[in-house]
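Accompanying notes for the structure given below.
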Amino acid sequence: MDQEMDQSGDELAQMWQDAVAEYTRDTQKTLSPAEVQALAKIKSVDDVAKHIEASDAAFSAYRHKNERLMSALKSFVAPISAIASIATTPASVADYGTASSAVLGAVVHLLKACDDVSNAYDWVEQLFRELQEFSERLGQYVETRLDHVLRRKIVAILAVILKVIGRSQRLIRERRFREYLRVTFLGKDAATKKLIDDLNKLLGSEQRYVLGVTYATAQRTEDLSKATNDTVNKVLDTLEDEKDKKSQVEDENRLRNTLCSPPAHADVEEILIRNERSLLKGTGAWLETEPFFSPWIRREATILWIFGGPGSGKSFLSTRLTQLLQEKSEREGGRDAVAYFFVKENSESLRDANIILKTLAWQIATQDLAFRKHAMLVCRQRARTITPDLTWENLFLGYYYNPDGALNQRAVTIVIDGLDEATAETRYTILGLMHDLVSSQTPRGGNGIYLAIIGRGSLRSDMDFKRLEKTFFIEVSSNKNRQDIDSYIRKRLEELQILQEMRKIKNGGLKKANQVGSKIMKKVSEGADGVFLWAKLLLDGLMNKDLPQVEAILANPPSTLDKMIWSVFDRLAKDEELDQHVLRKMLMFMAHARRPLLFGELDLVTSLPARKPNYFLWKHTRGKISSVFELKFPNDLDPDDIQTNGSETEVDGETEGGEDQEGLESSSGGADSQADEDKDFDFSYDSDKDNNGTSDTEVGSDDDDDDDIFSTSSSSVARTGRTDSLPNLESIGGGDAPDADVEDLLSHLSADANKQRTKVAFCHTRIRDFLVREGSALTRKSPPLSIIPGVDDVHADITITCLEIFQLELSLKDDWRFLCDYPLCHLPFHLEGVDPATVPPEKAGQIIEGLHWLFGTSKGTECLIRSVTQYDEFHSSSSELWRLWAATDKYLKLVQSWLGSIESFRHHTNCDDDAITWMLDASRSLKDFIQPAMLTASKLWLSRPSFDSPTYFDKGELPAWLVHGWLTWMEGGQPPPEQVNLVGDLESLTPERLEQMATYAGLEHDVHWHTLLGWSLMMGMNYEGAVAHYRSAIELYPEAWVALEGLARCAGEQGQFSDAISWQKKAIDALPASMPWILGYLYPRITEWANELGLTDDAFEAAKAGFKADDSCILASTTYLAELHSHENSAEMVATLDYMTSWSIESGSGTDILLLTRLFVYGEDIFSDIGWGCAKEGRPQFVLDSLDEALTIVDEDDRELIKVWLPYKMGRFKYTYYGLEEQAIELLEKFLRRLLQKDESFQISFAVERKDARNLLAQLYFDTAVAAWASDPKTRPPGADKLKQLAIDAPTGFGDDYEGFDLFRADYPAMLWGRWLRDHKRADESKWRKCFRTRLLDEMNTIDDDDPTNDTAGISSLAVSLFHAGDRANAGAILAILFQSVEAEVKASQNKIEEQADAGEVAEAAEAAEAAEAAEAGEAAGPETATTKEAEEAEPGKEARELRLIIEHVSASYACSNCKRSIGEVSELHVCEVCCNNVNWCAECLALLRDAEDRQTMVERQCNPAHDFYRAWPIPEEARHVAAQSFEHGVTVRRAWLENLRREWWE
């Protein structure tokens, strides 16, 4: 306990020392020891005043003049004076005496600083009132026994007060305080808000500590009464309930978005499941017998290290260890969590440190509810998980090693497999975090973080843990995992083709198969020597071999893993049925490509340069070389399974097995044979007899490895008839057939799209390491093999192949453009890796020749520019083309340097003299080099073959940008931007620049040139220039429909709607018959312009024609739906929506998507249109289903804007038109979570939606809380806690005993929280009034400023706030002001005589109203109504000053929210006092709202019948002159009314 007190004293000293230092910085003043000593005698506010007056006459004068200052000062100072005896730790702050005296000294200096500063005393008075809550809390604390916890709280509060006073004095000194005058200071000032944030966190921490100590003490006290136990349990239940409610504030998706993006957790889980399925019973059993294992699992050490060589089964061991830990946790009730991760070298997302930690945290969050709540709090701020260090500190250490988390008493065990495969940066980061964990960890009694790290022994050298704790190492050796490997071998032998055929033999087939199998098992087990991969590769080679072949392989198997891998490639190199060149090239790309490859890409590159189809490459990949590769099929569907017919797979028209299989079946039939086939194999080799008691010597001897290991002659074994022996590719067509042309090659590639899209990877990263190592003579350790690609020329070979792919002109064919993706994105990097000085000259010649074709010919440059791959509907590789070849000149210069070396390699090329001349010129001049590409880009931009060509769908934005980028380099100007919108944004290019770009290539100024340049100018909003070119085009060809459309759009953009319609109709008439779907884009424009002219029928017919022409056109669909709404045709609207859910279209990713769903996925804002129709027609479910499907699609892609926007629109839609409150809440919460994770500029762009979502959520939270409270007043509704979370502007708590200081926002959620506290929680007035003060004061200042334009909005907002604050009288008075002009108009229309109302009568009525106010003070208006008389009495001698307001006409703003009739059109108008968005009801619609059945007939849901309503129209007489003094020449508001109202909310 003494140690605890000492530690507490040190913390208090540091806390106070920091506060004093900050005060000194802000005030530039220090409190001398003598001064603080004198201040210690201050016991009252009078003492403070006297101390100041001794040196400040100005204060003395102000003190007697303004008693309000002294009142505020007294309330603030009294509690502080009462604790003057509470000192901080003398060792650190002895010079400053007691903390309270220092605060009083700061008060003195603050008041002195007000001297000669206008309005400063007024602001200080305001400040003291805001700080009064803090000093009152000190007064509460001082009345109890001051243990070290309360001392800590007191000093913390005093420290905050000192800092705030220091901050205030600085603002006075800098004359900046006026911006906070007459508004709340705390919270509005960012610095003070941060102080209160930190204070709340500390108080919350101390509160949890006290509750924990209270509970522990109660448990140890045997004679504690039952009543006390009940009290303590209630406190603990409250604490747990607080945590539960707090967790409800956040949702699953927010946590998922932070911890699962990118989604590595799914890949890790898939690896675990796949390993578990392959895991044999008993695997890893030896681990539990290891000496270090038991102490570690008892948590006597933090880290267990398990090291093993490549292929030794470490991943399976990690899987088994994870299973053991999970089983242990289940036995112990799931108290502790288990997390795991498999690092994979070939996956960037599986070798990144932060992704590893976040994935582990996600797994823990799914098991430990308390950790989940902790993680949700952390993930509210993206900055807290932006780096691995922060993620570890905040998510892991912040939970398992936080002193505030003592109640958790939890542990987690983390298994990380393959850490050696991570990048060096990741290894050092993870190991460094572990190092710090071990070095700083104190005994936790089995709680905290424990790890098992599995990897290669190379990890030993990365970090030294020896001096930190006892090192627990386990080595995976052959004598330990022998049983695991034997189990694996036994399982694989059951799949061995030769053994399966042997068992079919009648009379003893199974016996012979067992005998042979046992010998194979012995050989493989002994040869594996603890290396699973060795056994796997060897068994892969035995799978389809006959007995003589098996015998030959096992007679001399490789001794090590490297030798085994080498033997696999040696076997493949000697296989005469494999094309060695094809295999070598396949291995070269697999080992050295910059990203994983598709099978289609491998199929293509291995067909070059011969251009011969590899008809059997797929079967070889799945057969002969399957031991090297693993495949990941698209959508997890095996293409071979898709092609399966019935139960047999057809190959070349014959069933697998052939005639030999049929003969085998006929010769091996019978009951005995069938009985053998039903029995299990037995490959035991550790006994002298087999299952039938036959001696081993009867079938051969195991003692002599040099003998034939099989006693059964291969001639007695029936052949299977199945073979993977396929003809050499060169033998196709007799062996001397001419090279296949490109069409033959593409015909082969198009045979199966699923095969082409299958991803290919090495089955183990060790194989790639082996190939890279053995490809270099400097690192080679094994005999060279012809199929292993050399590393010296690998970049040259890949560069040549990339150039060959371009030369196939695949980019000009839509279906095959994806095969150009790798060359486009990675050619520059491979070219950069080639050294012209060392590359073989013939390869250099090929490179130069290919570069000349790609950059020096029209066809080559066209293939380069058109090689952009559209990955899906929203993503393409156009940015890569721009980034590599336009935004930088790095690679342009690289190509130039290669072209300049033509003289050295011209004899190794087939280039003619013209080509060589161009290359030499191009190498010296960037202009000459870029010119061919510029010409091609210009043609792609400004040339078309005809107006019925599909190429007109692309208006050439990308080629135009390329021309601009290259022209910029030629001009020697600034580099073009790296990021541009390549399919738009042409307005950033001036008209002069576009004209310059268009004329550069010297193209003929034909009809297409004028049309397309005009289009670019139009997209750049230069309509005058665009029109000139369009007219030139039409002069050349009157049927140029694109030019006619352009003229129409230019006219429409300039407001010439009649001309626009006329030109558009001409475009429709000129449209080629082969392009009817274009009408889906043309007719909607007519709809838009016709509506502008008021031609609604024409607009509707045009929209209908557009949808009929192309129902898949998004513009046509949205236009038609909007018109159906406009014409109130709800039946046709729903019928159209139903139609759109019955037809689908192929999306960019290759999947089908419903037409309606597609609109939502594309972000079309049609929600109000279709919502109206659905509400009118019974709210059909299929629309909701389509919406949910759209959200699923959007959640899976990476379009951040739509991922944020769609949940908001869906939430609004489901609430407004379907009344689905719970779903709306879930979606709006998702929207806010996703928005919060974005940067500030992104959030600002959604400011309107964010405010609306928060307000609607607040209303829904409030309504659900009220409903729950009405049914059970003892409950704590979750909605209330969520409402408070929206209302506060600093960290908070949710229990009634929360000790923090809440700062409330000046918004709608804060007002609803105040209403909840007042009307339902019956909270103290001082608590609920805080929720309104900031907003009300701001609004009063708005109507009291010099800006007349904000008067209407300001006074309208003030009325809303006053309704929430419970001041109906003053709120009604404001509505009377707003509705006065409407009343005047209504009276004028009813009786013109009333328009000439006598001014004297009005004045008399005003005087009567004033007298009535004085008489009825405290009755009709209530205690919150301020009267003129009271104001005059409060400030005697002060003349009433007029406050003239400019009030705009508000008739439209206060229409009925349902029938839409304005104030003057209804007999009554009732204003909802709870809803945010100016919700009003006429008498008839209010009756509908209050009737449950009639309410369903309303189109929109926007209010709750349980809300309070105020009848504002007709204007109540008692409200007419409460605030208004006169309605002549606008509105004159009583100044006294406003000042009284302001004072009421200050005090």
- Do you know which residues across segment 1042-1071 are open to solvent by 30 Å² or more (accessible area, probe 1.4 Å), outside any helix (DSSP H, G or I) and touching a Phe, Trp or Tyr at 6+ places or on another chain (Cβ under 7 Å)? Q1054
- What is the one condition in (1) assigned to a helix (DSSP H, G or I); (2) free of Cβ contacts under 8 Å to residues at least 24 places away in the same chain that S946 does not satisfy? (1)
- Would a scan of segment 1192-1204 turn up a residue that is over 17 Å from the mean Cα position of the chain (by Cα) and under 23 Å from S1112 (Cα atoms)? no
- Item | Residue in segment 966-983 that is over 21 Å from A1043 (Cα atoms), open to solvent by 30 Å² or more (accessible area, probe 1.4 Å) and at pLDDT 90 or above present | yes
- Which ones in segment 1140-1152 are touching a helix residue (DSSP H, G or I) at 6+ places or on another chain (Cβ under 8 Å), surrounded by fewer than 21 Cβ atoms within 10 Å (Cβ to Cβ) and more than 20 Å from L1201 (Cα to Cα)? T1141, W1143, S1144, I1145
- Task: Might you let me know whether segment 1007-1021 holds any residue that is open to solvent by 70 Å² or more (accessible area, probe 1.4 Å) and assigned to a loop (DSSP other than H, G, I, E, B)?
- Result: yes
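Identify all residues within segment 531-546 that are farther than 16 Å from R571 by Cα and surrounded by 23 or more Cβ atoms within 10 Å (Cβ to Cβ); write none if there are none.
Taking segment 531-546 as the starting set, the residues that turn out to be farther than 16 Å from R571 by Cα are 531-533.
Passing the criteria: V531, F532.
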- Failed condition for A1102, given (1) surrounded by fewer than 20 Cβ atoms within 10 Å (Cβ to Cβ); (2) closer than 20 Å to Y1081 by Cβ; (3) aliphatic (A, V, I, L, M): (1)
- Task: Residue by residue through segment 1439-1476, note down the ones that are of a type in the set (V, I, T), at pLDDT below 90 and open to solvent by less than 70 Å² (accessible area, probe 1.4 Å).
- Result: I1447, V1450, I1463
- Among residues of segment 867-889 being touching a residue at least 60 places away in the same chain (Cβ under 8 Å) and among the small types (G, A, S), the residue farthest from L940 (Cα to Cα) is A887
- Task: Residues being small (G, A, S) and either farther than 19 Å from C1113 by Cα or open to solvent by 60 Å² or more (accessible area, probe 1.4 Å) (or both): count how many of those fall in segment 1072-1084.
- Result: 2
- Note on the structure: In segment 1508-1535, residues that are surrounded by fewer than 18 Cβ atoms within 10 Å (Cβ to Cβ) and part of a loop (DSSP other than H, G, I, E, B) total 6
- Message: If T1087 meets every condition in (1) surrounded by 24 or more Cβ atoms within 10 Å (Cβ to Cβ); (2) within 22 Å of L958 (Cα to Cα) apart from one, which number is that one?
- Response: (2)
- Which of the residues belonging to segment 856-871 are open to solvent by less than 40 Å² (accessible area, probe 1.4 Å) and closer than 25 Å to D1197 by Cα? S867, V868, T869
- Working only within segment 770-800, note down all residues that are in contact (Cβ under 8 Å) with a residue 60 or more places away in the chain and farther than 19 Å from L608 by Cα. F770, L771, V772, E774, G775, K781, S782, P783, L785, V791
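Regarding segment 1091-1111, can at least one residue be identified that is within 30 Å of F818 (Cβ to Cβ) and either at pLDDT below 95 or charged (D, E, K, R) (or both)? Lay out the reasoning, then the answer.
The first filter runs over segment 1091-1111 and keeps only residues within 30 Å of F818 (Cβ to Cβ), leaving 1110-1111.
Filter once more, so that each one left must be either at pLDDT below 95 or charged (D, E, K, R) (or both): 1110-1111.
Checked against the condition, which is being within 30 Å of F818 (Cβ to Cβ) and either at pLDDT below 95 or charged (D, E, K, R) (or both), segment 1091-1111 yields at least one hit.
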- Taking the residues in segment 253-310 that are among the hydrophobic types (A, V, I, L, M, F, W, C), assigned to a loop (DSSP other than H, G, I, E, B) and open to solvent by 40 Å² or more (accessible area, probe 1.4 Å) as candidates, determine which candidate is modelled with the lowest pLDDT. L280
- Item | Residue among L892, L864, L803 that is free of Cβ contacts under 8 Å to residues at least 60 places away in the same chain and assigned to a helix (DSSP H, G or I) | L803
- Query: Is one or more of the residues making up segment 1484-1495 over 42 Å from the mean Cα position of the chain (by Cα) and surrounded by 20 or more Cβ atoms within 10 Å (Cβ to Cβ)?
  - Reply: yes
- Query: Among L1206, L1236, which is the only one that is surrounded by 22 or more Cβ atoms within 10 Å (Cβ to Cβ) and closer than 21 Å to L1256 by Cβ?
  - Reply: L1206
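The values are calculated or read from the model by the stated rules, or taken from the named source; none is laboratory data. The structure displayed is predicted, hence computed values, not measured ones. Counting neighbours? That spans all protein chains shown, and the Cβs are built from the backbone with ideal geometry, glycine included. Accessible surface is based on the protein model in full, side chains and every heavy atom, while ligands, DNA and RNA are left aside. Shrake-Rupley method; radii C 1.70, N 1.55, O 1.52, S 1.80 Å.
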